[in-house]
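**Student:** Handing you a structure now.
Just so you know, all these numbers are worked out from the coordinates, no wet-lab data involved. Everything numeric in this text was worked out from a predicted model, so none of it was measured. Note that each Cβ is placed from the backbone with ideal geometry, even for glycine, and that neighbours are counted across all protein chains shown.
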Amino acid sequence: VQLQASGGGLVQPGGSLRLSCAATGNFRSIRDMGWYRQAPGKQRELVASITRGGATNYADAVRGRFTISRDNAKNTVILQMNTLEPEDTAVYYCKAGVLRVRESPYWGQGTQLTVSS
């Protein structure tokens, strides 16, 4: 099982960016999916998560600016990020609960987002 994240980059404050993450490999289904981020010198933190049924959860810092969505047919999770702030600068990781024999967490490789003028 692999999670391939893409979409990071450099963006100016107030700009937008979209991250995507696709799960591939041999599994029965993908349960909860989410995005985490880790800024230099800080712990990794939850940004947003989404259940297979579409229920979402957001960190207070991004609520109203970021939107998480998923395509169950494509085993893909998307993070649309709007009104970006320098404080959003971090490495973003996707995470998925993957059901094979039992459910296990898998992480993507991380993608860098830098918000700077």
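**Student:** Tabulate in residue order the Karplus-calculated ³J(HN,Hα) for region 72-86, using 6.51 cos²θ - 1.76 cosθ + 1.60 with θ = phi - 60°, rounded to whole Hz; enter x for Gly and Pro.
**Tutor:** With the stated coefficients, region 72-86 comes to 5, 5, 9, 6, 10, 10, 10, 10, 8, 10, 10, 6, 5, 10, x Hz.
**Student:** If you don't mind, another one. I'd like the trypsin sites (Lys or Arg not before Pro) in region 5-40 restricted to DSSP loop residues with at most 15 other Cβ atoms within 10 Å, sorted by number.
**Tutor:** Arg28
**Student:** Further question on the same structure: Given the C-alpha atoms of region 18-117, compute the convex hull and give its volume per residue in Å³.
**Tutor:** 99
**Student:** Length gain on complete extension for the stretch Glu45 to Glu103, per 0.36 nm per residue less the alpha carbon to alpha carbon distance?
**Tutor:** 18.8 nm
**Student:** For region 18-77, compute Rg over Rh where Rg is the Cα radius of gyration and Rh is the Kirkwood radius from the inverse mean 1/r over Cα pairs.
**Tutor:** For region 18-77, the value is 1.00.
**Student:** Among the GluC sites (Glu not before Pro) within region 8-117, which fall in a DSSP loop and have no more than 13 other Cβ atoms within 10 Å of their own Cβ?
**Tutor:** Taking region 8-117 and a limit of 13 other Cβ atoms within 10 Å, no loop GluC sites (Glu not before Pro) are found.
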